[in-house]
Amino acid sequence: MMNSNLMIREATREDAALLRELGARTFHDAFAAFNTPENMQAYMATAFAPARIAEELADPAARFLIAEAEGAAAGYAKLAANAPPPCVQGAPAIELVRFYVDRRFHGGGIAHALMRFCVDRAAADGFASMFLSVWERNPRAIAFYRKWGFETVGGQIFQLGDDPQNDLLMERTI
């Protein structure tokens with residue numbers, strides 16, 4: 001997808017280092033101020049480990065999408081055809097596992113373009129709904145997802161280090 005200076009493309013295995021760096025940086029930027037350094041480090045050491053990212057990129061049920069603007073990676077998303085939790089009613093459903101935009105690009109339309117690309121890709125792949133989990137203490141993300149038609153359908157625990165956090169499960173039809 002190209003929109004003026006924005007391009008969205010599917011990641012390849014050669015993007016592993018870029019996804020590790022962008023993923024760790026955007027996750028840290030989004031959550032470090034609200035969590036202990038120890039819990040952040042414990043989670044990030046596992047979630048963004050080189051072997052973990054390589055495994056995720058090789059998973060045939062998953063795809064990473066990278067948004068590039070101004071010659072840089074501006075954001076990314078991960079879609080995966082994971083088994084949905086029981087509260088997700090639309091079938092077949094795809095999970096929006098990760099969705100992050102580099103903070104220097106906030107407010108520039110990257111998030112909307114990336115979400116449009118994710119929804120369009122899911123529709124083209126034959127999915128009827130999309131679901132995600134979002135930390136209950138992340139009002140900016142929750143408001144963004146609501147604008148895109150996601151509604152809260154349940155909840156689950158997200159383990160960040162030794163801190164069990166409450167996530168909302170949200171779903172939208174495609």
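Amide H to amide H, with H built 1.01 Å from N, Gly75 comes under 5 Å of Ala67, Asp102, counting only residues 5 or more places away or on other chains. Cβ-Cβ distance of Thr36 and Ala61, R₀ of 35 Å, FRET efficiency by 1/(1 + (r/R0)^6): the value works out to about 0.60. Summary of the geometry: region 139-153 and region 32-60, compared by the centres of their Cα atoms, lie 24 Å apart.
Its relative contact order, with pairs defined as Cα atoms under 8 Å and 6+ residues apart, puts region 54-174 at 21 percent. Positive-end ranking of Leu65, Cys87, Phe48 along the dipole of region 48-87, with charges on Cβ about the Cα centre, is headed by Cys87. Each helix, a run of at least 4 DSSP H residues, gives -39500 (n - 2.57); summed and divided by the residues of the chain, these come to -10500 deg cm²/dmol at 222 nm.
The tail of the calculated P(r) for the chain, taken as Cα-Cα distances beyond 27 Å, holds 22 percent of the pairs.
Readers should treat all values here as calculations from the given coordinates under stated rules, not as data from a laboratory. All of these numbers come straight from a predicted model, not from anything done at the bench. Every residue, glycine among them, receives a Cβ derived from its backbone with ideal geometry; neighbour counts consider all protein chains shown.
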